[in-house]
Amino acid sequence: MKDSLKKYINDHRDEFDNLEVPDELFDNIMSKLDNSTPSVGKTRSIFPLKTWAIAASVAVILSLGIFNLWQEKEIDKTVIATKQTPKKEDENPIETSIPKNGLETSIIENKIQKNTAKVLANNSSDSPKQSIVNQNSILNYNIENDKVNAIELMNNEFSASSRLQGIALIKDFSDYDSKIIDFLSEKAISDENTNVRLAAVSALEIQHQNPVVTDRIQQIFVQQNDPMVQKELISFLSEKQPSELSTEVNQKLLSLAQDPTTEAFVKDEAYAVLMRY
């Protein structure tokens, strides 16, 4: 291809040499070169855009830095406030346990406390004799309150621990009335929990000097089928004189000693009492 082009040029060299450049060609080229030079206005318009972009970037960076610094200060304040906040003490440090069915008891306690407060308020203006009377009234209120609590606890059929708690309150009484004796006797005979039965017998034995209580213990022994409670009752009866024991008690002792199904430790206790005759 190069050879053919070269040959064509050589063959027509005369024609190429005769061609003349037009006079206006150079002027046209120079005018185009002058027009292609970038204008000052366009060149200047580029620089403000770059300046604004740089300024915006700097502003964003500064804003982020200030925001992060503010966040760190707020976190520091929160940590310091948390460390300096004192722990609140419990307003009621003493917990009061109330049985499941103790609503009536709490109502009665509130009434008794209100009455006690009234009596105490009247003491300041009363005479010495009246003050003694008021003090006795307060004591009676407290005793009655304890009895109500004890009976309420012993009536709790769903909690053996509540019944034991009620019996423990009764043991602090200096004297038992007929109602308390009846409650303890019922628990000693029919309660489903052996520990409650033993606690009831123990509470009755505290009042052994009371003949009514002694007679009731003998009746409980005659009706008792729990070996552990039988042993406890026989130990108490062994301290009595044979003449103080009823015929029913002696028959029960003999029956336990002769019954092959009786527990060995109960037999031994029954024989020990019978051997004194």
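Taken together, the values in this text are just the output of simple stated rules run on the coordinates, not laboratory data. Since this is a predicted model, take the numbers as computed values, not measurements. Quick reminder, even Gly has a Cβ in these numbers, built from the backbone with ideal geometry, and neighbours come from all protein chains shown.
A few remarks follow.
- Cα shape, the range 177-277, gyration tensor, a/c 1.5 rule: oblate
- Computed lengthening from residue 168 to residue 264, 0.36 nm per intervening residue step minus Cα-Cα distance: 31.5 nm
- Cβ-defined net charge surrounding residue 197, 11 Å radius [Lys, Arg +1; Asp, Glu -1]: -3
- Positive minus negative residues near residue 254 (Lys, Arg vs Asp, Glu; Cβ under 12 Å): 0
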